[in-house]
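Note sheet for the following structure.
The values are calculated or read from the model by the stated rules, or taken from the named source; none is laboratory data. Worth saying up front: this structure is predicted, and the values here are computed from it rather than measured. Cβ coordinates were reconstructed from backbone atoms using ideal geometry, including for glycine residues, and neighbour counts include every protein chain displayed. We work out accessible area using only protein heavy atoms, side chains counted, and drop any ligands, DNA or RNA first. Shrake-Rupley method; radii C 1.70, N 1.55, O 1.52, S 1.80 Å.
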Amino acid sequence: MMAETYDVIIVGGGPAGITAAIYTRRKLLKTLLISKDIGGQILLTGYLENYPGFVERSGIALADVFERQIKELGTEILVGEVKRVKRVGDRFKVISSEGEFLARVLIVTGGSSYKKLNVPGEEEFFGRGVSTCATCDAPLARNRVVAVVGGGNAALQGVELLAKYASKVYAIHRRERFRADEILVERVRGMPNVEPVLNSEVKEVRGEKKVEGVLIKDVKTGEVKELMAERVFIEVGREIKLDYIKHLVRINKIGQVIVDREQRTSCRGIFAAGDITDLKYGQAIIAAGDGAVAALSAYDYLMEKGR
Ligand SMILES: Cc1cc2nc3c(=O)[nH]c(=O)nc-3n(C[C@H](O)[C@H](O)[C@H](O)COP(=O)(O)OP(=O)(O)OC[C@H]3O[C@@H](n4cnc5c(N)ncnc54)[C@H](O)[C@@H]3O)c2cc1C
């Protein structure tokens, strides 16, 4: 049987993919959105306080609005996983867990996920004291003692931000030195309420009903002790899964899809947006904005080609 052809197939149903669908449908492009879920990472966001026009706070509530909006605009939605994309002439064949489809253009918005520590207590308290996004959850640290885990730029930017809210910030890193830019390290070291805890691995997030502290092990001496902290921010990097597309588009050395200002990838006809790309800040509103650009660029591309 011939696979059905769409003007656009969007991979991913987070803020980038949803916004792309709104724009492609308003241009009356036949659009299929394939995603493992509708909402993406915002489904994990208990308090979404920085998305303009949205004051419900919970990410799940925003995901519900997303779904309603793209359905009303006539987007076809398929809940499933894209396994592989192949070039077939001037089309793209999208092989998913739910079947195969053809597209004239592809908008890839597969997002990212934050790496975890995989220690006891982390999962249990996730979203209830354990966070993977200091930028998102810093206000929750107001007047509290908090711990940040990680030694790169994201972690130390998190420390710097949290130090403005928290009464004290432990900056825990498993190596002798932080990996972040020296200028950032110096700034953080100069903050009176920041205490670096180096050569230390977090072994457990502890607490009865809420987070009360972290158990750390000194990697040199083996000594184990508990640090009291009411919030734990895990900033040990992000993971982007690109198996289905990496043979078609250029990727940078940290595994992000390279795009230009029009969200074009290195492959004609493939656009990308959101956390999957080489953007600097992983935020819902930025992903949404880039999704809109990707859709408009995809439309221009189709018009130039004569659709
Ligand atoms: C705990 C937490 C709290 C956050 N809080 C905030 C906040 O307060 N404010 C803020 O602005 N940002 C926040 N963020 C960040 C924000 O959620 C992300 O920057 C944003 O969701 C990125 O959008 P995206 O569409 O690029 O990707 P994602 O939201 O990651 O969505 C990607 C989508 O693609 C799907 N997908 C991936 N691979 C495939 C595949 N092979 N086949 C089919 N589907 C696939 C996924 O299932 C998902 O639906 C938070 C993130 C986390 C984890």
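In segment 42-52, of all residues being open to solvent by 90 Å² or more (accessible area, probe 1.4 Å) and farther than 12 Å from residue 283 by Cβ, the one that is modelled with the lowest pLDDT corresponds to 47. As for segment 25-43, it holds at least one residue that is more than 19 Å from the chain's Cα centre (by Cα) and part of a helix (DSSP H, G or I). When restricted to residues that are more than 14 Å from the ligand (Cβ to nearest atom) and closer than 18 Å to residue 236 by Cβ, segment 73-123 contains 5. Tally time: how many residues in segment 88-117 are over 24 Å from the mean Cα position of the chain (by Cα) and exposed (fewer than 14 other Cβ atoms within 10 Å of the Cβ)? Within segment 88-117, residues that are over 24 Å from the mean Cα position of the chain (by Cα) and exposed (fewer than 14 other Cβ atoms within 10 Å of the Cβ) number 5.
List pairs: first residue in segment 58-72 and of a type in the set (D, E, K, R), second residue part of a loop (DSSP other than H, G, I, E, B) and at pLDDT 95 or above anywhere in the structure, Cβ distance under 7 angstrom, at least six positions apart or on different chains. Taking only residues 6 or more apart or on different chains, the pairs are 67/38. Checking every residue in segment 22-41 against the condition of being surrounded by fewer than 14 Cβ atoms within 10 Å (Cβ to Cβ), more than 10 Å from the ligand (Cβ to nearest atom), free of Cβ contacts under 8 Å to residues at least 24 places away in the same chain and within 21 Å of residue 300 (Cβ to Cβ) gives at least one match.
Would you point out the residue of segment 130-145, among those that are away from the ligand (no atom under 12 Å from the Cβ) and touching a residue at least 40 places away in the same chain (Cβ under 8 Å), that is surrounded by the most Cβ atoms within 10 Å (Cβ to Cβ)? Out of the qualifying residues, it is 141. Quick check: is even one residue across segment 146-155 away from the ligand (no atom under 14 Å from the Cβ) and free of Cβ contacts under 8 Å to residues at least 60 places away in the same chain? Yes, some residue in segment 146-155 is away from the ligand (no atom under 14 Å from the Cβ) and free of Cβ contacts under 8 Å to residues at least 60 places away in the same chain. Taken over segment 200-239, the criterion of being within 16 Å of the ligand (Cβ to nearest atom), part of a loop (DSSP other than H, G, I, E, B) and open to solvent by less than 40 Å² (accessible area, probe 1.4 Å) is satisfied by 211, 235, 237. All conditions in (1) surrounded by fewer than 17 Cβ atoms within 10 Å (Cβ to Cβ); (2) more than 18 Å from residue 90 (Cα to Cα); (3) not hydroxyl-bearing (Ser, Thr, Tyr) hold for residue 274, with the sole exception of (1).
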